[in-house]
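Since every read-out is calculated from the coordinates, none of them should be taken as a lab result. None of these values were measured; they are calculated from a predicted model. A quick note on method: Cβ atoms are made from the backbone with ideal geometry, for glycine too, and the neighbour counts reach across all protein chains shown.
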Amino acid sequence: TLYWSKADGRARWTLYDRDRGADQLTRHLLATALRPAVERGEFVVEYQPLVGLADGAVHGAESLVRWRHPRYGLLSPDRFIPLAEESGAIVPLGKWVLEESCRQARRWLDEFPGSETFISVNLAARQIWDSDVVADVAEVLERTGLPTRLLQLEITESAILGPSGRPLQALQALADMGVRIAIDDFGTGYSNLAYLSRLPVHALKLDGTFIEAFRESAPGDGGRRRAADEQIVGAVVQLAHALGLTVTAEGIENAAQAERLRQTGCDFAQGWHFARPGAPDRIAEILRERPRR
Ligand code: C2E
Ligand code: MG
Ligand code: MG
Ligand code: MG
């Protein structure tokens, strides 16, 4: 297909065929726009509270990136993180998110001394595989002045599994520095707790789909399926605790779910029931209204 490139005003042959056409093109345009957008500062970070189920207080926050696109408005990470991973732009973007998040967590610490609010930052596979993430983290902690103990990094199982020892070396080095490591989206992949327990991992984040049981009961089975699912979640929490891991459940949308989850002994919860992701001031407001004792 001959395709007219508006960017440089030249006609050129591209790989796009008619079938894959428009969607491919949009993806391509977004992907190539990512790096310059990082440099122009078009990204923003929102923060979602991580709530202790035992005391109802905010213990930490997850940082979630958004793209304030000049034409398409606020884009959710699902729209561009996969593209950023493919193109490699995730490396500079991820580093920017890390620094922005650590700087913010440092501000919360300054404003609320003793609050010990930690920041939990998502790390993409390519940051571990293709960049010196250990050096980047050390540099960012140094520059922002955030105590190492207040940084948690979230990675998925699939990002650390594989033939190479590189990710494990990086995890070990980060853990040795005192950074906490959380396994994100637990329950969607292999969910191999025996394997994970041998790694320098401190926490599990149960994916929203994993705790579906707490959302609604399956119709027509008298709640039996839900009861079984709740038992499974409870067992995973117990096993994780036995292995020395803390557990956070994602996607808690109402009080009933939060209460049933609390009964499993799960440590932290995150979800719209408590707060949606928002501006850093929202976290500060909560810390002011409800200080941790
Ligand atoms: P995640 O790390 O599993 O983050 C949790 C997602 O669940 C977030 O979606 C959050 O907004 C959403 N969520 C929170 N509470 C609820 C709830 O009660 N109900 C439902 N249905 N959803 C809830 P978001 O912000 O759209 O982010 C999507 C994914 O994008 C994240 O999933 C993470 O994998 C990725 N992501 C976000 N920021 C970054 C980043 O800075 N770097 C990297 N590598 N990935 C990121
Ligand atoms: Mg996450
Ligand atoms: Mg998650
Ligand atoms: Mg998830």
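So, with +1 on the Cβ of K and R and -1 on the Cβ of D and E, and no other charges, what is the size of the charge dipole of the range 24-134 about its Cα centre, to the nearest 20 debye?
In debye, rounded to 20, the range 24-134 gives about 500.
Is the shape of the range 177-293 best called rounded, prolate or oblate, per the rule: a/c under 1.5 gives rounded, else a/b larger than b/c gives prolate, else oblate, with a ≥ b ≥ c the square roots of the Cα gyration tensor eigenvalues?
It comes out oblate by the Cα gyration axes.
Determine the distance separating the Cα centre of the range 87-140 from the Cα centre of the range 244-293; give it in Å without decimals.
Centre-to-centre (Cα) distance: 21 Å.
Angle, helix 133-144 long axis vs. longest principal axis of the chain, Cα atoms, 0 to 90°, nearest 10?
Relative to the chain, helix 133-144 is tipped by roughly 80 degrees.
Could you state the angle between the C-alpha long axis of helix 90-111 and the longest principal axis of the C-alpha atoms of the chain, as a value from 0 to 90 degrees rounded to the nearest 10?
Once rounded, one gets 40 degrees.
Of Gly73, Gly41, Gly178, which is the most mobile in a GNM of the chain whose springs link Cα atoms less than 10 angstrom apart?
Gly73
So what's the net charge close to Leu75: Lys and Arg +1, Asp and Glu -1, counting the other residues with Cβ under 12 Å from its Cβ?
+2
Once you charge only the Cβ atoms, +1 for Lys and Arg and -1 for Asp and Glu, what is the size of the charge dipole of the range 108-192 about its Cα centre, to the nearest 20 debye? Before the final figure, lay out each step's value.
Values: 5 positive and 13 negative charges, 42 e Å.
It comes to approximately 200 debye.
Report the Cα centroid-to-centroid distance between the range 152-208 and the range 43-77 in angstrom, as an integer.
After rounding, the separation between the Cα centres reads 21 Å.
In the chain, if the dipole is taken from +1 on Lys/Arg beta carbons and -1 on Asp/Glu beta carbons about the Cα centre, which of Ala37, Val133, Gln172 is farthest to the positive end?
Of the candidates, Ala37 comes out farthest on the positive side.
Among DSSP beta bridges whose residues both lie in the chain, state the antiparallel percentage, nearest 5.
Among the beta bridges of the chain, antiparallel pairing accounts for roughly 45 percent.
What is the antiparallel percent of DSSP beta bridges lying wholly in the range 24-177, to the nearest 5?
60 percent
Magnitude of the Cβ-charge dipole of the chain, K/R +1 and D/E -1, about the Cα centre, nearest 20 debye? All intermediate terms of the calculation are to be shown ahead of the outcome.
Values: 35 positive and 40 negative charges, 94 e Å.
The dipole magnitude comes to about 460 debye.
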